[in-house]
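Below: the structure, in structure tokens.
The values are calculated or read from the model by the stated rules, or taken from the named source; none is laboratory data. Just so it is clear, the model here is predicted, and its values are computed rather than measured. Don't worry about glycine lacking a Cβ; one is built from the backbone with ideal geometry, like all the others, and counts go over all protein chains shown. Each accessible area value is taken on the protein alone, full model and side chains, heavy atoms only, with ligands, DNA and RNA left out. Shrake-Rupley method; radii C 1.70, N 1.55, O 1.52, S 1.80 Å.
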Amino acid sequence: MNNNMKKVSALMALSMALGGGAAYAATLDNTQPVHQTSVSADSNAVSVVNVSVNGATISDGYWNKDGKVAMIPLRDLTDALGIELEWNKETKTAELTRGALWTQVITGKDQYSVNKMLLTLGTAPEITGGKLYVPVSFAEKALHGQVNTTGNQVTITSEEDVKTVTERGVITRISNQDKYKSIQIGGAGTDGIVLNLSDETKFISVEGKEIALTDLAIGMNVEAEHSLITTRSLPPQTPTYKVTVLDDAAESQLKDVLGTAGTIENVTTAEGSISQIEITGTRLTETAPDHVVLNIAKDTMIVNHEGETVKAEELTKGAKVIGFYSPVLTRSLPPIGTAWKVVVETPATELEAK
């Protein structure tokens, strides 16, 4: 009996010891979930991104799933910056408009269309809690704001005074399609700059009168006041505020002028003066040839992109030029016409030096 009692006592002691150890182990196990919950709570607190725009607080943003990119509410951002936002529920697309700036944001796609140029930011916009969020870099890269991120605080500011630059050039392309209106000056193809136009863009004649985009024609020399900020595309694009035509009224009436940009293949002289040039390159209009012979008349303007008169001697074989001419051409191959204006882009001597 005593032995049995000893065994029972031993078993009870062992049970209590094991029970105590289990209880101790359970206590350790319980501290771990509590610790994890605490970290999770802190993490949630840090994941909230406080956003202010021009000193005013807007709705909070959050860090994306990788915890590296701050996502901010798009509509709150555009409202604070005075940008109009139009939401298409079916396509889940937002269109942003302010002056000459036009931007499209498509949910789930890292393709932000800024004035017809596709921009990638490494993170796609996403809908969270019924709101569309974009990466904070969108405010800088697409909307040209100044962004400062410190911890979970994002501060966005926009310049009150719009910085502009003025430059001159000859129009080589005009796009007058719906909301995507633009003109290209200073070169053809990937050269020059594309001036994106809006309903707020002013068009002024050389006499100082207001005109319309439809009054412009390729070959005209203009002075453009546009944003200091341009895209990195080729050619670069920029919002434009004013376009002033520098040609006189008689020249601005040449609405059917054709254009060809390229290289002078041959030069013909008569009585010591240049009488013809042969250009091979790219047509600037649908009805223009890419290979044309142009007569150089006494009233043919020979200029650079600034509209400054240059010597006819710069029309040499190998020079890069843009020829503008009447649509009245011979049926020969290549066709022959009379040049209204020839823009010397790069003289042959400079090309050889390069």
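Modelling each spin label as a point 7 Å along the Cα-to-Cβ direction, I'd like the ARG232/ASP248 distance in nm, to one decimal.
Each label point is offset 7 Å from its Cα along the Cβ direction, giving 4.6 nm.
Can you pull the three principal axis extents for the Cα set of the stretch 170-234, in Å, largest first?
Per principal axis, max minus min of the Cα coordinates gives 33, 24, 23 Å.
Could you pull out every residue, at least 5 positions away or on a different chain, whose amide H is within less than 5 Å of the one on THR285? Hs are placed 1.01 Å off N in the peptide plane, and Pro or chain starts have none.
The list, which skips near neighbours in sequence, is GLY259.
Could you state how much accessible area HIS305 has, in square angstrom rounded to the nearest 10, with a 1.4 Å probe and all protein chains kept in place?
HIS305 exposes around 30 Å² with every protein chain in place.
Using the C-alpha gyration tensor of the stretch 132-202, what are the square roots of 5 times its eigenvalues, in whole angstrom, with the largest one first?
Gyration-tensor ellipsoid for the stretch 132-202: 32, 14, 13 Å.
What's the Kirkwood radius of the stretch 155-278 in Å, using all Cα pairs?
Every distinct Cα pair counted, the radius reaches 16.1 Å.
Once the whole set of protein chains is in place, how much accessible area is left on TRP102, using a 1.4 Å probe, in Å² to the nearest 10?
Rounded to the nearest 10, the figure is 30 Å².
What ranking of VAL69, VAL344 comes out by heavy-atom accessible area, probe 1.4 Å, highest first?
VAL69, VAL344
Work out how much length LEU213 to LYS298 would gain on full extension: take 0.36 nm times their residue separation and subtract the Cα-Cα distance, in nm to one decimal.
Taking LEU213 through LYS298 to full extension adds about 27.6 nm, to one decimal.
With viscosity set to 0.890 mPa s and temperature to 25 °C, compute the Stokes-Einstein D of the stretch 88-152, Rh being the Kirkwood radius across alpha carbon pairs; µm²/s, no decimals.
Rounded, D is 197 µm²/s.
I'd like to check one number: the per residue accessible area of the stretch 100-183, probe 1.4 Å, reported in Å² as a whole number.
51
Under a 1.4 angstrom probe, counting protein chains only, how are ASP110, ASP248, ASP299 ranked by accessible area, largest first?
So the residues, ranked largest to smallest area, are ASP299, ASP248, ASP110.
I need two numbers for the stretch 262-353: Rg to one decimal and Dmax as a whole number, Cα atoms only, in Å.
Final numbers for Rg and Dmax: 12.2, 38 Å.
Given R₀ = 22 Å, what would the calculated FRET efficiency be for SER59 paired with ILE106, taking r from the Cβ atoms and rounding to 0.05?
0.55
If each of THR128 and SER175 carries a label point 7 Å out from its Cα toward its Cβ, how far apart are those two points in nm?
3.4
Filter the cross-link list LYS89/LYS131; LYS65/LYS109; LYS109/LYS141; LYS255/LYS341; LYS89/LYS181; LYS141/LYS242 down to pairs whose alpha-carbon distance in this structure exceeds 22 Å.
Where the Cα-Cα span goes over 22 Å, the pairs concerned are LYS89/LYS181; LYS141/LYS242.
Dividing the alpha-carbon Rg of the stretch 204-253 by 2.2 N^0.38 Å yields what?
1.27
THR149 to THR268: extension gain in nm, 0.36 nm per residue of separation minus the Cα-Cα distance?
Extra length available between THR149 and THR268 comes to 36.4 nm.
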